[in-house]
Amino acid sequence: MASVDLATSYAALILADDGIEITADKILALTEAASVEVEPIWASLLAKALEGKDVKELLSNIGSGGGGAPAAAASAAGGAAAAAAEAPKEEEKKKEEEKEESDEDMGFGLFD
């Protein structure tokens with residue numbers, strides 16, 4: 001199954017790289033040319049999931065999930081923004097501690 005997933009993904013990337021519309025038929029044609037047997041439903045599902053999306057842009061935005069905005073705001077606004085940026089980190093630590101404590105409340109722990 002892993003080779004099927006890779007084959008369909010690579011086929012979609014090849015189509016996107018060439019600027020060709022990603023369709024189930026074209027995915028199947030590429031996987032068939034690569035001698036990988038793919039059930040039409042998988043090609044259809046992938047084509048439907050990528051319909052109307054710019055695959056190249058999706059790939060270029062993988063690591064930019066908003067991490068740069070707080071850093072830019074902190075450097076632009078000075079120390080006040082940096083102190084404000086620390087507050088969410090503290091809340092995150094509290095949530096993690098509460099989560100760890102809740103495991104103990106259930107009567108089992110990691111090393112029990």
Taking H as built 1.01 Å from N, whose amide H comes closer than 5 Å to the amide H of Val38, not counting residues under 5 places away?
none
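If packing is taken as the average number of other Cβ atoms within 10 Å across a peptide's residues, how do 43-51, 17-25 rank, most packed first?
Taking the mean over residues of other Cβ atoms within 10 Å, the ranking is 43-51, 17-25.
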Please find the FRET efficiency linking Val4 to Ser60, where r is the Cβ-Cβ separation and R0 is fixed at 25 Å, and quote it to the nearest 0.05.
0.45
For the stretch 2-58, state the average projected area of the convex hull of the C-alpha atoms over all orientations, rounded to one decimal in nm².
3.5
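Grab the other residues whose beta carbon is less than 13 angstrom from that of Ala12, score K and R as +1, D and E as -1, and report the net.
On the way: positive: Lys26, Lys48, Lys53, Lys56; negative: Asp5, Asp17, Asp18, Glu21, Asp25, Glu51, Asp54.
Spelling it out: positives minus negatives among the neighbours equals -3.
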Could you please report the charge total around Thr31, scoring K, R as +1 and D, E as -1 over all other residues with beta-carbon less than 13 angstrom from its beta-carbon?
-4
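Any read-out appearing in this document is the output of simple, stated calculations on the displayed coordinates, not a laboratory observation. Only a predicted model underlies this, so the values are computations on that prediction, with no experimental measurement involved. Using ideal geometry, Cβ is built from the backbone for each residue, glycine included, and neighbour counts are taken over all protein chains shown.
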